[in-house]
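Taking it in order: structure first as structure tokens, then the write-up.
The values are calculated or read from the model by the stated rules, or taken from the named source; none is laboratory data. Everything numeric in this text was worked out from a predicted model, so none of it was measured. Don't worry about glycine lacking a Cβ; one is built from the backbone with ideal geometry, like all the others, and counts go over all protein chains shown. When the accessible area is computed, the model is the full protein with side chains, heavy atoms only, and any ligands, DNA or RNA have been set aside. Shrake-Rupley method; radii C 1.70, N 1.55, O 1.52, S 1.80 Å.
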Amino acid sequence: MFKVMFILVAAGLLVGCANEIEEHVTTDDSSPAIVYFAIEEDDLEDDRWQNFIKIAVDDDIITYVSLNSISILANTSRRDAAQLTFFETILDYNFYEQADLLESTLVGLSYTELAQALRDAYDNQSVDFDTRGFADLATRALASDPLERGPFLDGFYMSINDAIDESLTYFVHLFVVHGHIKAVHFNAFDVDNALKYDVFTGETVGEHIVEWRRQAELFEEALLNSQDPMAFTFDEQGLSTDIPGFYLWIEPFITLATEALAQGPVIH
């Protein structure tokens, strides 16, 4: 079921969440809330979700908390997926509703109480999902510098390469939070919507496919660091001059990411 949904989304059926949180992160013009953010590493296997947290603090008081996760293909959030009927049937609970309820109890706490309150939610079994990872993220976020508002609109972005290469159509998914690119995924699909690199089958794929995915991840990491696909340079052969170890022709990656950002978030 997870695979079916992710492949459909890869083919273009994205669910956007662009403006869900922006109205909550300021109090008034004279006293703007300070925003903190943290996200887990993207190599997690648990439920195929990469957890992240966004926190707004005003005068040391929590004014907003968002508990969410991004899919392994960076194409939908856990909150959005939870609103699909079959997800609630599979899990026997609604992550969107439970997270929303928990977040409402966190607003008004001192920022020093947030991590413990999230751990208590797990210990008290007040929700059906594990909040300990979010507690760790809260600690890391609040110990980091505040996240300034970035240049992009929040939501999911996508671009598809119209050219067919080896019977594959290449695409990129970008996920933006508070104006910053926080998740990226490059892949391709064939005429049957089968992914070039499919993390869901568990089957052994050709080493050249695995190596292509390793290369794509190098560009993804570089893009997360630079936040600007146009910042990359390349030589006359079209090879990168500033991403160590990346030896693929870089222009298609730059073009897909640039087009996705230029088109704006995909919202349904």
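Applying the set (1) at positive phi; (2) exposed (fewer than 12 other Cβ atoms within 10 Å of the Cβ) to residue 236 leaves exactly one unmet item: (1). Restricting 224, 195 to those that are at pLDDT 95 or above, surrounded by 13 or more Cβ atoms within 10 Å (Cβ to Cβ) and closer than 23 Å to residue 77 by Cα reduces the list to 224. Identify, by number, the condition in (1) among the β-branched types (Val, Ile, Thr); (2) within 30 Å of residue 200 (Cβ to Cβ); (3) in a helix (DSSP H, G or I) that residue 53 doesn't meet. All conditions are met except number (3).
Could you tell me whether any residue of segment 162-176 is of a type outside the set (Phe, Trp, Tyr), closer than 28 Å to residue 57 by Cα and open to solvent by less than 50 Å² (accessible area, probe 1.4 Å)? Yes: segment 162-176 contains one or more residues that are of a type outside the set (Phe, Trp, Tyr), closer than 28 Å to residue 57 by Cα and open to solvent by less than 50 Å² (accessible area, probe 1.4 Å).
How many residues does segment 159-176 hold that are in contact with an Asp or Glu (Cβ under 6 Å, 6 or more places away or on another chain) and either outside any loop (DSSP other than H, G, I, E, B) or closer than 17 Å to residue 53 by Cβ (or both)? Steps first, please.
As a first pass, look at segment 159-176 and keep what is in contact with an Asp or Glu (Cβ under 6 Å, 6 or more places away or on another chain): 159, 167-168, 176.
From the residues that got through so far, the ones that are either outside any loop (DSSP other than H, G, I, E, B) or closer than 17 Å to residue 53 by Cβ (or both) too are 159, 168, 176.
Residues flagged as in contact with an Asp or Glu (Cβ under 6 Å, 6 or more places away or on another chain) and either outside any loop (DSSP other than H, G, I, E, B) or closer than 17 Å to residue 53 by Cβ (or both) within segment 159-176 amount to 3.
Taking the listed residues 184, 205, 210, the one that is assigned to a strand (DSSP E or B) and of a type in the set (Val, Ile, Thr) is 184, with no other qualifying.
Among the residues in segment 42-51, are any over 16 Å from residue 136 (Cβ atoms), in contact with a Leu (Cβ under 8 Å, 6 or more places away or on another chain), surrounded by 20 or more Cβ atoms within 10 Å (Cβ to Cβ) and modelled with pLDDT of 95 or more? Checked segment 42-51: no residue is over 16 Å from residue 136 (Cβ atoms), in contact with a Leu (Cβ under 8 Å, 6 or more places away or on another chain), surrounded by 20 or more Cβ atoms within 10 Å (Cβ to Cβ) and modelled with pLDDT of 95 or more. Scan segment 107-153 for residues that are over 24 Å from the mean Cα position of the chain (by Cα) and under 18 Å from residue 177 (Cβ atoms) and the total you get is 0.
Residues of segment 220-240 that are free of Cβ contacts under 8 Å to residues at least 24 places away in the same chain and either assigned to a helix (DSSP H, G or I) or out of contact with any strand residue (DSSP E or B) (no Cβ under 6 Å at 6 or more places or on another chain) (or both): 221, 225, 226, 228, 231, 232, 233, 235, 236, 237, 239. The number of residues in segment 241-268 being part of a loop (DSSP other than H, G, I, E, B), under 17 Å from residue 75 (Cα atoms) and hydrophobic (A, V, I, L, M, F, W, C) comes to 2. Look through segment 81-101, keep the residues that are of a type outside the set (A, V, I, L, M, F, W, C) and at pLDDT 80 or above, and return whichever of them is most open to solvent (accessible area, probe 1.4 Å). Looking at residues that are of a type outside the set (A, V, I, L, M, F, W, C) and at pLDDT 80 or above, I get 97.
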